[in-house]
1. Pick out which of 214, 115, 238 has the largest mean-square fluctuation in a Gaussian network model of the chain, springs linking Cα atoms closer than 10 Å.
2. Report the Rg/Rh value for segment 192-296, based on alpha-carbon coordinates and the Kirkwood definition of Rh.
3. Return the FRET efficiency for the residue pair residue 239, residue 284: r is the Cβ-Cβ distance, R0 is 22 Å, and the value is rounded to the nearest 0.05.
4. Cut-off 10 angstrom, C-alpha nodes, Gaussian network model of the chain. Which of 12, 246, 74 fluctuates the most?
5. Given a cut-off of under 8 Å on Cα pairs at least six residues apart, what relative contact order in percent is computed for segment 98-205?
6. What's the exposure ranking of 92, 199, 291, 158, going from fewest to most Cβ atoms within 10 Å?
7. Determine the dipole magnitude for segment 192-296: charges of +1 sit on the beta-carbon of Lys and Arg, -1 on that of Asp and Glu, nothing else is charged, the reference point is the Cα centre, and the result goes in debye to the nearest 20.
8. Name the most mobile residue of 251, 268, 176, meaning the one with the largest mean-square fluctuation, in a Gaussian network model of the chain with Cα contacts below 10 Å.
Amino acid sequence: MDAAPGRIVVTAGYVQALTLLARVLPEGAFALEDPGLPFHREAVRFAGRDVVPLPVDPRGAEPAALPSSGVAAAVVTPAHQYPTGVTLHPDRRRALVSWARAAATVVVEDDYDGEFRYDRQPVGALQGTAPDCVVYVGTASKTLAPGVRLAWMVLPGRLVEPVMRAKRLTDFQSEALGQLTLAEFITSHAYDRHVRASRSRYRRRRDLLLSALEGYPLEGVAAGQHVLLGLPGGAPAESHLLRQAAARSLAFGTLGDHWHDRSAPHRAGLVLGYGTPGDGGFPAAVTELARLLREETGGRPR
Ligand SMILES: Cc1ncc(COP(=O)(O)O)c(C=O)c1O
């Protein structure tokens with residue numbers, strides 16, 4: 001990454017970084033991944049912006065779908081798309097940067113779970129390849145806890161002043177105690193040790209989930225704390241299984257919840273989170289979910 005301290009602004013979570021950008025970027029809609037997190041669409045709209053869908057296929061977000069004008073930012077999760085888990089293809093990374101430069105806009109890189117990659121080398125930040133037009137945002141929500149409310153944005157130089165002004169006029173500054181505590185955690189290397197230990201722990205959980213659900217279509221398994229389970233059975237199975245998974249703290253939602261246009265026909269799926277159940281209850285929760293899934297699908301993976 002290209003992250004000079006003078007271009008870093010600390011915010012209350014990723015969502016505040018996103019809404020500050022919605023206040024300060026030049027006029028235009030925000031393109032958000034489809035499927036993507038519904039809460040972020042809502043937050044951007046609440047900040048007064050139109051939201052347009054940025055379709056995602058097995059190579060990640062599709063820059064070719066972006067208009068050459070009328071869009072102020074394309075917001076992406078390049079390392080591990082949420083919720084499909086795909087990694088943005090190198091051609092797409094280049095195309096996204098070319099689009100941003102040609103349209104004089106920015107790409108917002110939401111690196112919400114980049115610390116947790118299990119099967120191969122970490123994916124480099126897009127920001128490092130184009131610091132002039134990529135806003136990088138990292139967060140403590142996955143490495144520590146969502147309640148910490150600390151994130152960090154790395155901005156192109158021209159956006160530092162406008163974003164700092166918006167931050168100052170929104171909540172003056174992020175509270176200092178949490179920042180000082182995190183700074184101590186980082187400089188003492190305890191944060192690094194914590195992330196490494198968490199990575200092995202989540203990897204073990206992921207492996208357990210994969211072996212319990214062997215034969216079922218699972219996507220996005222190489223990183224993060226969630227997988228996407230395809231459900232060819234469609235929406236009824238989706239909502240029933242969601243309730244079952246939620247009762248075991250294993251659910252983030254249905255894939256159906258994540259589409260921009262929920263009324264259009266889409267493939268069905270469940271976004272399963274494996275970070276939440278306590279260590280003690282995790283194996284039983286996963287085994288029980290696998291049993292319910294077999295019941296739902298007539299005893300065999302499809
Ligand atoms: C796609 C995505 N982006 C960002 C975040 C982090 O948001 P925040 O830092 O506001 O908690 C999450 C959830 O942790 C997420 O799922």
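1. 214
2. Working: Rg = 13.9 Å, Rh = 14.1 Å.
Rounded to two decimals, Rg/Rh equals 0.98.
3. On the way: r = 23 Å, r/R0 = 1.06.
Rounded to the nearest 0.05, the efficiency is 0.40.
4. Ranking 12, 246, 74 by mean-square fluctuation puts 246 first.
5. Details: 95 pairs, mean separation 23.9, N = 108.
Value for segment 98-205: 22 percent.
6. Numbers: 92 21, 199 16, 291 12, 158 9.
Ordered from fewest to most neighbouring Cβ atoms within 10 Å, 92, 199, 291, 158 come out as 158, 291, 199, 92.
7. Values: 14 positive and 11 negative charges, 95 e Å.
The calculated dipole for segment 192-296 is roughly 460 debye.
8. The residue with the greatest mean-square fluctuation here is 176.
All of the numbers you see were taken from the coordinates with simple rules; none came from a lab. Remember, it's a predicted structure, so these values are computed and weren't measured experimentally. Virtual Cβ from ideal backbone geometry, glycine too; neighbours counted across all protein chains shown.
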